[in-house]
Each structure stands twice: as structure tokens, then as C-alpha cells.
1. Dipole size in debye (nearest 20) for the stretch 109-200 around its Cα centre, Lys and Arg Cβ +1, Asp and Glu Cβ -1?
2. Tell me, what HN-Hα J-couplings in whole Hz come from the Karplus equation 6.51 cos²θ - 1.76 cosθ + 1.60 at θ = phi - 60° for each residue of the stretch 172-183, using x for Gly and Pro?
3. What list do you get for Val101, Val188 if you sort them by fewest beta carbons within 10 Å?
4. Please give the contour-minus-distance gain from Arg145 to Lys77: 0.36 nm per residue of separation, less the Cα-Cα distance, rounded to one decimal in nm.
5. Once phi is turned into ³J(HN,Hα) by the Karplus curve 6.51 cos²θ - 1.76 cosθ + 1.60 with θ = phi - 60°, what whole-Hz value does each residue of the stretch 54-59 show in order, with x for glycine and proline?
6. Between Ala49 and residues 5 or more places away or on another chain, which pairs have amide H atoms under 5 Å apart, with H built 1.01 Å from N, and which residues are they?
7. Please report Tyr153, Tyr114 as a ranked list, fewest other C-beta atoms within 10 angstrom at the top and most at the bottom.
8. Report, ordered by chain and residue number, the aspartates and glutamates lying within cross-link reach of Lys77, taken as a straight Cα distance under 19 Å and ignoring same-chain residues fewer than 8 apart.
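Only the coordinates and a few stated rules stand behind these numbers; no lab work does. On a predicted model such as this, the values are computed, not experimentally measured, just so you know. For neighbour counting, all protein chains shown are included, and Cβ atoms are generated from backbone atoms with ideal geometry for every residue, glycine included.
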Amino acid sequence: MLLFGALVLSPLLFTAALSKPEDTPQSATLAGQLLVASPEMGDPRFSHAVILMVRHDKGGALGIVINRPIQELPMAKLLEALGQDSNGITGQARIFAGGPVEPDIGFILHSADYHRAGTIDIDGRVAMTPNADILRDIGRNEGPRKSLIAFGYAGWGAGQLEGEIALGAWFTVPADPKLIFDLDRDKVWDEAMARRTVPL
């Protein structure tokens, strides 16, 4: 259950964590890929997790779990909990647990047809906007075609993710908007596992 008084959407937190594209050669990064927990994953926080990688460079990695829905509530109620104006807002918001780090910080993954100040293009098909403007736009039917609202993220320090991959804890899968936004969440891990590849 979310504690509404603590929720925030923080573009500064996420923007500061993202590297410039030139910081990491494209061939060496998992940004824009899906990270899939192996069946032998030893950390219960990530059992059967599928994570969209938003950043991966020599300084570490950051991603959002896409298959852990935790509750659904009116979009107007979510905006009110964030201290935002909810006038004219309709529809429901499905909330996901995006990871164990900063679980009160919100991020919205969405299709790349939408862009605002602060929007981060992940791979040309999927983007992320970490501020409440997008929620108002979604609630007014002016937002992206597809979206996923998550609180919290998964993070790794320098070299940590590479070590976990080497130990067989994770597989990688090319990102697919259908997996991210459309497929039944109970089927995402199975489908991602069927597509797994050997990383890097």
C-alpha cells in the first residue's frame, strides 16, 4: 500500500543519475534492454523480475521493474496525493513497484509519441518522464498512447550489475513495447525468458 503523503515525482533525482549519451559506447550499454531475473535469482526482491534498463554505464546502472503491479486507484486521487491539481482528471492509474530503491519516488515509462521538458528518450520507442505534468496529461486524455507508472527503481553501483550477470543472475532481452506496456503482467517474465540472450 502506498503512503500518499510521502510520494513525489522528482525529475532532479533521475536526471542526475543519467549519463550523457557520449559517456558510454552504445555497444557496451544495456540501456534500452530488458533485464530478466534468472530462475536461480537468489534475491527475493527480484524473483521473476523484468526490468527496463534506463541507464547503464561505467558508473553503474538503473532500471524500472515492469511486472510488479501493486494497486489501482483513480488518477485524480494519485494527483491529489502528489499535491497536484486534479480538476478535470479522469481514468484509473495502475501503480507498479519499480524497485527497492527510493520507493516513494515516482517515474512514468511511456511510448515515445509524448515529450515534455524533462522527458528522457530511452531507445526511440520508449521514454520516461519523471514529473507530474504527464499524469495530468494522461488524466485529460492528452498523454502518451501507452504508459506505466512506477514508484521506486532498481540500482547498481559501478561493476555490480556486470558481476551479477557473470554469475548468471540475469539475462537480457531486446526491449519490446508490447512486453513493457501490453502483455498480461503475469506472463511478462515467461515471455521475456523465452526471448533471452547472452548479454554483452
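1. I would put it at about 160 debye.
2. Working through the residues one at a time gives 10, 9, x, 4, 9, x, 5, 5, 6, 10, 9, 5 Hz.
3. Val101, Val188
4. Difference between extended and current length: 22.4 nm.
5. 9, 9, 7, 8, 5, x
6. For Ala49, whose amide H was placed from the backbone, the distant partners under 5 Å are Ala37.
7. Fewest to most other Cβ atoms nearby, the residues stand as Tyr114, Tyr153.
8. Excluding near neighbours in sequence, the set is Asp85, Asp104, Asp133, Asp137, Glu142.
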